[in-house]
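Here's the structure we're looking at; comments come further down.
The values are calculated or read from the model by the stated rules, or taken from the named source; none is laboratory data. Please read all numbers here as calculations on a predicted model, not as lab measurements. We place every Cβ from the backbone using ideal geometry, glycine too, and count neighbours over all the protein chains shown. Heads up: the accessible areas ignore ligands, DNA and RNA and are worked out on the full protein's heavy atoms, side chains in. Shrake-Rupley method; radii C 1.70, N 1.55, O 1.52, S 1.80 Å.
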Amino acid sequence: MVNTLNNKINTQKGRSRTATLEDVAQAAGLSPMTVSRALNNPKVVRPATIARVMEAVNSTGYIPNMLAGGLATRRTKLIAVVVPQINNNMFVDTVQAISDQLAARGYHMLLCIVGYEPEDETDIVATLLSRRPDGIVLTGIHHTSELKRIILNANVPVVEIWDLTPTPIDMLIGFSHEKVGNAIGDYFLGKGFTRFGFICASDRRAMVRKNGAISVLRTLAGHDIKEVIVSRPANMEVGRHALRQLLATGERFDAIICSSDTLAQGAIMEAEAQGLSVPDDFSVIGFADLNFAAHNRPAITTVSVEKWDLGIRAADMLADKIEGIAVEEPIVDMGYRLVIRESA
């Protein structure tokens, strides 16, 4: 009977059509109500009945409507994760960790790439909310007032990641980009350096790190600072070009401070191409401690953040709140660690 019904579904007027709940019920020899109960509230249905329903689902190719099925429980098991870029290695480990941990908790991740314009993020998140996600992960803390209003009206749990503020929308896990910059400035002041070049991506968090370093470096008089602000994505080619720009000024540098390890790697490559040696001619520092940083030659001095653990904990915070489990620390400062290697 199941095969006969399946053939009818696939051959009606020579075209396939989407299997319905009624098709599953007919294939299983059960009422539509029983099938609906088995799919949406299996705890109240006998295992043997569930097995019949699932056999019919597989045979007919029926795809349950998770949104409709979640109306009674208000759950869709869908989590929207919003990041500015996916071709930025900084976010890769965090996004993968979020995905893995959400899957372990029984949720599905919907990944959305929004770029760095706040208005684009607002438009996309508004569209996402129409899909009724159980929760949202947002990157950073700088959002439009319209986005905040939309999220608050939707009453959906939110975790902001990769930044720090005492006033998050809901929950937050990240670190202070300003303090990262301060730590870099303190490190180079301690080495007695006075001539600095900055290669910095134009996104807000990178600029905060740059300004944090400059605020420290300028506490002492006589420090010379040159900047090159680069376009996104900030890859190795961009890093090489930026160092060429700095060297073309004719200035000499004690240190080149880069807003990412990828830019730092590009700067090191360009220095070598121009017959210069890092760190003999100048030091280079990056950010994020990406997987190649320790294996580069010279190995790249950088600032490490626990990207994987951040993703795991963000996913758990969100899942806990969705499931009514108290989140004891709604604001988590993951901190950072200065990793000293050969390049600086």
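Residues being farther than 30 Å from Asp170 by Cα and without any contact (Cβ under 8 Å) to a residue 40 or more places away in the chain are represented in region 250-259 by at least one member. Evaluated against (1) buried (at least 19 other Cβ atoms within 10 Å of the Cβ); (2) within 21 Å of Gly185 (Cα to Cα), Arg218 falls short on exactly one condition, (1). Note on region 282-303: residues that are closer than 14 Å to Ala344 by Cβ and not in a loop (DSSP other than H, G, I, E, B) total 8.
One residue stands out in region 150-208 among those that are assigned to a loop (DSSP other than H, G, I, E, B) and touching a Ser or Thr at 6+ places or on another chain (Cβ under 7 Å): the one that is least open to solvent (accessible area, probe 1.4 Å), namely Trp162. Scanning region 288-326 for residues that are surrounded by fewer than 17 Cβ atoms within 10 Å (Cβ to Cβ) and closer than 16 Å to Pro168 by Cβ turns up just one, Asp320.
Matching residues to (1) modelled with pLDDT under 95; (2) not charged (D, E, K, R):
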{"residue": "Asp100", "(1), (2)": "no, no"}
{"residue": "Ala103", "(1), (2)": "no, yes"}
{"residue": "Val114", "(1), (2)": "yes, yes"}
{"residue": "Val156", "(1), (2)": "yes, yes"}
{"residue": "Ile161", "(1), (2)": "no, yes"}
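Restricted to region 19-90, the set of helices (runs of 4 or more DSSP H) holding at least 2 residues that are at pLDDT below 85, open to solvent by 20 Å² or more (accessible area, probe 1.4 Å) and touching a Gly at 6+ places or on another chain (Cβ under 7 Å) comprises 32-40. If the condition is being in a helix (DSSP H, G or I) and either aliphatic (A, V, I, L, M) or under 22 Å from Glu251 (Cβ atoms) (or both), then region 210-223 contributes Lys210, Asn211, Ala213, Ile214, Ser215, Val216, Leu217.
Considered as a group, the residues in region 127-142 that are surrounded by fewer than 21 Cβ atoms within 10 Å (Cβ to Cβ) and at pLDDT 90 or above include one that is nearest to the chain's Cα centre (by Cα), and that residue is Ile141.
Does Ala248 qualify as being out of contact with any helix residue (DSSP H, G or I) (no Cβ under 9 Å at 6 or more places or on another chain), aliphatic (A, V, I, L, M) and either open to solvent by 70 Å² or more (accessible area, probe 1.4 Å) or not assigned by the TED database to the domain that holds Ile312 (or both)? Judged against the criteria, Ala248 is a match.
Evaluating Glu342 against the criteria (1) closer than 20 Å to Gly185 by Cβ; (2) part of a loop (DSSP other than H, G, I, E, B); (3) over 20 Å from the mean Cα position of the chain (by Cα) leaves one unmet condition, (1).
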